[in-house]
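Everything below concerns the one structure shown next.
The values are calculated or read from the model by the stated rules, or taken from the named source; none is laboratory data. It should be emphasised that the depicted structure is a prediction, and the values quoted were computed from it without experimental measurement. For neighbour counting, all protein chains shown are included, and Cβ atoms are generated from backbone atoms with ideal geometry for every residue, glycine included.
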Amino acid sequence: MGKYINPPNRIETEGRPLPSIYDATFNYYERQLRLGEGLFALGDRGSFCFCVLIPDEEEFLEFFRQYESGRLLKLDFFAGTEELVKIALAD
């Protein structure tokens, strides 16, 4: 089960947007992270938005498949601060 932060748009002000490349891999995004940062996905389901910590390739693929299947309208990736990672893991 994912680890989320609320409000989801917090990542837009406290995180760092990562370049979106349609066929990018988890490793591509992981290499963009600086020491202490975590990978987050900001998604839009139409009825609500969410921001989830992406700790591994399995979680990355789960959300990417949802995007490819049309269950997500938008999926953007961010580098979240160490503080945001701690918040997500605390829930």
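Exactly one residue among 53, 89, 72 is surrounded by 14 or more Cβ atoms within 10 Å (Cβ to Cβ), more than 11 Å from the chain's Cα centre (by Cα) and not polar (S, T, N, Q), and that residue is 72.
Candidates in region 4-36 are the residues that are of a type in the set (Val, Ile, Thr) and not in a helix (DSSP H, G or I); of these, the one that is surrounded by the fewest Cβ atoms within 10 Å (Cβ to Cβ) is 21.
The residues of region 56-83 that are in contact (Cβ under 8 Å) with a residue 12 or more places away in the chain and out of contact with any strand residue (DSSP E or B) (no Cβ under 7 Å at 6 or more places or on another chain), listed by number, are 56, 57, 59, 60, 61, 66, 71, 81, 82, 83.
Residue pairs whose Cβ atoms lie under 9 Å apart, separated by 6 or more positions or on different chains, with the first residue in region 1-13 and of a type in the set (Ser, Thr, Tyr) and the second at pLDDT below 95 and not in a helix (DSSP H, G or I), are 4/91. Among the criteria (1) crowded, with 17+ Cβ neighbours inside 10 Å; (2) touching a strand residue (DSSP E or B) at 6+ places or on another chain (Cβ under 6 Å), the one residue 39 does not fulfil is (2). The set of residues in region 77-91 being under 18 Å from residue 34 (Cα atoms) and charged (D, E, K, R) consists of 82, 83, 86.
In region 43-55, the residue that is nearest to residue 86 (Cα to Cα) out of those that are assigned to a strand (DSSP E or B) and free of Cβ contacts under 8 Å to residues at least 40 places away in the same chain is 43. Listed by first and then second residue, the pairs with beta-carbon distance under 6 Å, at least 6 apart or on different chains, first residue in region 22-42 and within 16 Å of residue 12 (Cα to Cα), second in a helix (DSSP H, G or I), are 38/85; 39/29; 40/11; 41/63; 42/11.
When residue 39 is tested against (1) touching a Gly at 6+ places or on another chain (Cβ under 7 Å); (2) in a strand (DSSP E or B); (3) not acidic (Asp, Glu), only condition (1) is not met. Residues that are of a type in the set (Phe, Trp, Tyr) and over 15 Å from residue 24 (Cβ atoms) were ranked within region 40-50; the one that is farthest from the chain's Cα centre (by Cα) is 48.
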